[in-house]
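Since the structure comes first, as structure tokens, the remarks are kept for the end.
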Amino acid sequence: MSASVPGTATPPARWWSRALVAVTAVAVGALAAVHLAATFLYNAPTNPVSQRYAGPVDDWMNPLFQQNWRLFAPNPISENVAVQARASLTPDGRTTAWFDLSARDQQAENENPAPGHVLQNALRNAWFEWAASHDANGNPSAAEADTMQAYLMNLVLDRIRPLAGGSIGSIQIRAVTTLIPGPGRTPAQTAPQVRTLDWWPVPTTPTTAPTPPPTPGGAP
């Protein structure tokens, strides 16, 4: 009978580590299942299930996972929307030039070896969601209006801060919408349409809860 060599014995299995892995796998699987179900109900045609859970589904999907198309009934976008912004710097009140943030996002996508829809569509979708939750004068018209405004502001600030060259006191956003030329569309219809919002003050301290800035107004 040979003696065992010290240090070569297999350590006993740690049951708690296996349990932790199992619990983590179950939690990740459940989270993925919830997200897939919410995405399906969000995009599917209106049905009794989607109507019953419309509130929780909207809370889950908006604003981070919001989408602007529907399964089984696609509605292709027929216009180009460029989101632009400028900043007022503190303490001297100097105003920057307008920055075409959508063009910069598109350039980053073109230079990205693995591009994705998140960067490409985030600003445009945020603008659509803001416009859908506010009326023509920029007044809130939906329950999620404050959230959509805070979301659009945060996206713009994330992009304009490296360009501004100073501390930002307020920002102004505008959208240049150009209808894609097509049969029956006149040059007047396909001319760029500009909607400029009022200045939005930037909070001096970051906050997780969206704080409504002064009511913005759409300017021609």
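The values are calculated or read from the model by the stated rules, or taken from the named source; none is laboratory data. Quick caveat, the model's predicted, so the values are computed rather than measured. Don't worry about glycine lacking a Cβ; one is built from the backbone with ideal geometry, like all the others, and counts go over all protein chains shown.
For segment 69-87, a residue qualifies if it is farther than 17 Å from Q120 by Cβ and at pLDDT 95 or above, and the qualifying residues are A85, R86, A87. For segment 179-208, residues that are farther than 16 Å from M153 by Cα, at pLDDT 90 or above and among the β-branched types (V, I, T) total 1. Regarding segment 110-121, can at least one residue be identified that is in contact (Cβ under 8 Å) with a residue 24 or more places away in the chain, surrounded by fewer than 19 Cβ atoms within 10 Å (Cβ to Cβ) and β-branched (V, I, T)? No - not one qualifying residue is present in segment 110-121. For segment 84-111, enumerate the residues that are among the polar types (S, T, N, Q) and within 17 Å of the chain's Cα centre (by Cα). Within segment 84-111, Q84, S102, Q106 qualify.
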